[in-house]
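Everything on this sheet refers to the single structure shown next.
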Amino acid sequence: MHPNLSRAEELIPYRSLDASRIKLTREANWDPLPYLSDDFLLPYLEPDVLLGRSDFDYDNIPDLSREDPQETVALAKLWDWKNLLTLRTDLLEDDMKLSALRCFNCFKDEGQDRLIGDRRARNQLETSLPGPSRYLPSGPALAVLEVPAGSKVMICATDLRDYYHQLRVSLSRSRSNALRPPVPLSFLQSTRAYDMLVQHIKKKKHWSGEEGGDHLAALTLGLPRQRPALKDLRPTTLVHACFNTVAQGDHLGFEFATDSHRNLLKSRGLLVPSEELVSNFPFAGSSILQGLVIDDFFCLSIEDENIKPGSSQAKACFDLASRTYAAEGLKGSPHKHVVEETKAKIAGAELDSSLATRLCGLVTLGSPTSKRLALSLVSQEVSKLRFTTDSLHACLVGGWTSALMYRRPLMSILFASHHLVDSSALNASTPKVIPLPRAVAQELLLLSILSPLMCTDLTATFKEEVFCTDSSDAKGAIVATPVSQTLSRFFWRTSQV
């Protein structure tokens, strides 16, 4: 038995390419090269240096035979409108045809979709590089903040709109984002990309001495061995449309975007080690905390309750970041900015130091209240049933696990729920109806009842005692010893690293 997925569009988030529903807002206007670390500079410029394999995992690559040439042309023209299109006149070699980029839609709302680039095949051939994504802060890590009585948290955060699509790339990287099938040039002769191709050919009729010789440049830069001549550009000439920025689906796009953004901010005096929150090193600050999650920069500061608007440490960092983006030509989403709020969502966590919460003697950090209420409602309804679906159960357990990270002792509630579904055999696109044991239903119901308690109180002071437990399934043991508050704080901060 399979559930009906046609009742709401959101139930089928991914669908075949439909260029008419894609919304693009940015034009690859920012050059990240001055801010990329040495490890990423050459791979960003010349992605072919990453090629380390020649064979594909055929069970895990996109099916390019399903591509519609008309939609390919429509998408290419949409890209061209935002200067995100280049044309590749030399076709992909036979052994690289399967490495082409496949684009598809991801549901956003009733009127528009996000564009996702399926680059799995090309990713398989490229070597992966460890980068700053390993050290991104998570919501629960914000629990290192300490808010004394009579204080509040001032929250500021920026948002770079369509950040990936603001990154300017080299011709070589653009060529690695080639779409299939190739289409006749006549379909794209009205584009700016075609005009640029013609100008490029006119400008460089012959190989320069540096580009010639044994054609080493052609091999290493991903360029054709022979430059096309204008007479070779016929209406019937087949060309690849190429995405002229970083594709969301590029396995290193995450690293390029984070590394360049972080180094940009550090060059302006932000994200200093004594204030930056990362997941691989204990937080060293006290009254101010800064962090970066790809395109979102945030800064939190502990301030007196009577501080004047606009004078917080967080606002000073926000203003500096804003000036930096303006100077670099990076565009943001002002309607998504957070400016000196006392309650906001940061790195997936809801931090609440609003007056109403402070009057209760609390400053809380947890999964967003709306999310916990939704999980609670759905879990209560599901617990009444004799059946559920494997996909729904996996979503519920995943959502609850995320919420429980802010109150870890409650993790002990989940036991039978972890054994109901084999996640390795899960196919979200074809959910299966399965029996719901009462033990699992009871766990879901108990979680829904305790959901208001799934948060951390940032006003809590450190106990001058530390504890240690063993992992015995039979009896278990607990030891404790008195320590100073400074040492207790150190243990708390390093326990998450």
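The values are calculated or read from the model by the stated rules, or taken from the named source; none is laboratory data. Treat the numbers as computed from the prediction; the structure is a model and nothing was measured. Here Cβ is always computed from backbone atoms with ideal geometry, including for glycine, and neighbour counts include all displayed protein chains. For the accessible areas, the whole protein counts, side chains as well, though only heavy atoms, and no ligand, DNA or RNA atoms are used. Shrake-Rupley method; radii C 1.70, N 1.55, O 1.52, S 1.80 Å.
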Expressed as a whole percent, how much of the Cα-Cα distance distribution for segment 363-453 exceeds 19 Å?
35 percent
How high is the FRET efficiency between Ile478 and His418 when r is their beta carbon distance and R₀ equals 35 Å, given to the nearest 0.05?
0.90
Determine which residues of segment 354-369 fall in the zone a paramagnetic label at Asn306 would reach in this model, i.e. backbone nitrogen under 18 Å from the point 7 Å along Cα→Cβ.
355, 359
Kindly report, to the nearest 10 Å², the accessible surface of Ile434 as traced by a 1.4 Å probe over protein heavy atoms only.
40 Å²
In terms of modelled amide H atoms, which long-range or inter-chain residues lie less than 5 Å from the amide H of Glu276?
Gln290
Using helices alone, what [θ] at 222 nm do you get for the chain, with -39,500 (n - 2.57) per DSSP H run of 4 or more residues, divided over all residues and rounded to the nearest 500?
-8500 deg cm²/dmol
In whole Å, how far is the Cα centre of segment 422-497 from that of segment 147-208?
43 Å
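In what order, largest first, do Ile61, Ile449 sit by accessible area if the probe radius is 1.4 Å?
Working: Ile61 30, Ile449 105 Å².
So, going from the largest accessible area down, we get Ile449, Ile61.
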Rolling a 1.4 Å sphere over the protein heavy atoms, what is the accessible area per residue of the chain, to the nearest Å²?
51 Å²
Ranked packing of 101-107, 379-385, 64-70, 477-483, most packed first, by mean Cβ within 10 Å
101-107, 379-385, 64-70, 477-483
How large is the accessible surface of Asp95 in square angstrom, using a 1.4 angstrom probe and rounding to the nearest 10?
100 Å²
Using θ = phi - 60° and the Karplus curve 6.51 cos²θ - 1.76 cosθ + 1.60, what whole-Hz ³J(HN,Hα) does each residue of segment 74-85 get, with Gly and Pro shown as x?
4, 5, 4, 5, 5, 4, 4, 4, 10, 6, 10, 10
With every protein chain in place, the accessible area of Met405 for a 1.4 Å probe, in Å² rounded to the nearest 10, comes to 70 Å²
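Top to bottom by accessible area (1.4 Å), largest first, where do Ser402, Ser495 land? Before the final figure, lay out the partial values.
Details: Ser402 50, Ser495 70 Å².
Highest to lowest solvent-accessible surface, that is Ser495, Ser402.
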Taking only Cα atoms of segment 216-355, what ratio of Rg to Rh do you get with Rh as the Kirkwood inverse-distance radius?
1.18
Distance in Å, no decimals, from the C-alpha centre of segment 322-368 to the one of segment 261-290 is 17 Å
0 to 90° range, to nearest 10: angle between helix 485-494 axis and the chain longest Cα axis
40 degrees
Placing each pseudo-label 7 Å from Cα in the direction of the beta carbon, Glu464 and Asp57 end up separated by a distance in nanometres of 5.4 nm
Could you derive backbone 3J(HN,Hα) for segment 346-351 from the dihedral phi with the Karplus parameters 6.51, -1.76 and 1.60 (θ = phi - 60°), listing whole Hz in sequence and x where the residue is Gly or Pro?
10, 6, x, 10, 9, 9
Around Glu350, which amide H atoms from residues at least 5 apart in sequence, or from another chain, sit under 5 Å from its own amide H, with H modelled in the peptide plane?
Gly366, Ser367
Please turn the phi angles of segment 242-247 into ³J(HN,Hα) values with the Karplus equation 6.51 cos²θ - 1.76 cosθ + 1.60 (θ = phi - 60°), one per residue in order, whole Hz, x for glycine and proline.
10, 7, 8, 6, 7, 7
Under a plain spin-label model, where a point goes 7 Å from the Cα along Cα-to-Cβ, how far apart in nm are Ala149 and Ala356?
2.4 nm
